[in-house]
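The values are calculated or read from the model by the stated rules, or taken from the named source; none is laboratory data. The structure displayed is predicted, hence computed values, not measured ones. Every residue, glycine as well, gets a Cβ built from its backbone with ideal geometry; the counts of neighbours run over all protein chains shown.
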Amino acid sequence: MSFEQFTLFFLSTFVISATPGPNMLLAFQHGLNYGVKRTLWTLAGLSIGLFILLLSTLLGLNIISRQFPWLLLAIKVVGALYLLYLGVKSWQTGKEDTKLLNASNTPNNATNSINPKRVHSSLSLFRIGVWVSLSNPKAILFFAAFFPKFINFSAPLLPQYVWLTIGLFISETIWQLIYTFGGKKLARWLATGQRLLWLNRICGLIFVGIAVALLWEVGHGMI
C-alpha cells in the first residue's frame, strides 16, 4: 500500500467517522452522563466491538481472495453498488440526523434504551460499548464494500490489513474522544443551519467517488 493510497483511505474514513452514528452518539451521551474518565470504559468496549467486526471482514476477504477470486470480483461490484446507494442516501439525509443529534442532547434521552440515570459499573459500561458496536451489522457490509478499493490482493495482505486497521482506529478514536470531551458543543455546532446536511453530502460524494473507482477497476481488470 502506497503512502498516497493510505492517505486517501485515512482522509475518507476520518470524514465518514465524523457523522453521528450509534457509536458516536453513545460516546457523546455517556460523556455527558458519566464523565470523561468513566466513559473511557465505553470507548474501550466500542473499540473491541469494532475490531471484532473489522477482523471478521478482513479474514473473510482474505479467504475469498485466495480461494474464490470470482467471488471477490462479485463482492467488488456489489460493494460498489452498495456504496453508490450509501452515497445517494447520504446526500438526501441530514434533517433526520439533525433531529437525532438534538434528541441525544436531551438529558433524559437514552441511546439504545440505555437509562442514563442508572448507575453503571466500569465493566457494565465496557459491555455496553461492545454490544452497541456489535449490534450494527451494517458495519460489516460497509467494510466489505469499502475496503477492497484500498487493498491490493496481489501483494502481501497482512501489512495492508495492519495499516488499514491503524488508520480506521485512529479516525474512530479521535472522533469518539471529540464526542466524549466536547460532544455538547459539537452537537450544537452540527445542528446549526445546514452543517450536518453538508457533512452528509460530503460523505455521499466520497462514497460515490470510491464506488466509481471500484467499478472502473473491475471493468479495467476484465478488459
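Of LEU190, LEU205, all but one fail to be among the aliphatic types (A, V, I, L, M), crowded, with 17+ Cβ neighbours inside 10 Å, at pLDDT below 85 and closer than 21 Å to ILE16 by Cβ; the exception is LEU190.
Scan region 143-185 for residues that are crowded, with 19+ Cβ neighbours inside 10 Å and farther than 17 Å from PHE3 by Cα and jot them down. Correct list: PHE143, ALA144, ALA145, PHE146, GLU172, TRP175, GLN176, TYR179, THR180, GLY183.
Would you be able to say whether some residue in region 121-131 is modelled with pLDDT of 75 or more and within 30 Å of ALA155 (Cα to Cα)? No, the conditions are met nowhere in region 121-131.
Scanning region 11-31 for residues that are among the hydrophobic types (A, V, I, L, M, F, W, C) and surrounded by fewer than 20 Cβ atoms within 10 Å (Cβ to Cβ) returns LEU11, PHE14, VAL15. Of all the residues that make up region 36-77, how many are more than 23 Å from GLN176 (Cα to Cα), at pLDDT below 85 and touching a helix residue (DSSP H, G or I) at 6+ places or on another chain (Cβ under 8 Å)? Looking only at that region, the number is 10.
Being free of Cβ contacts under 8 Å to residues at least 12 places away in the same chain, within 27 Å of LEU199 (Cβ to Cβ) and of a type outside the set (A, V, I, L, M) is a property that holds for TYR85. Scanning region 10-44 for residues that are more than 23 Å from ARG195 (Cα to Cα) and either under 15 Å from the mean Cα position of the chain (by Cα) or among the β-branched types (Val, Ile, Thr) (or both) returns VAL36, THR39, THR42, LEU43.
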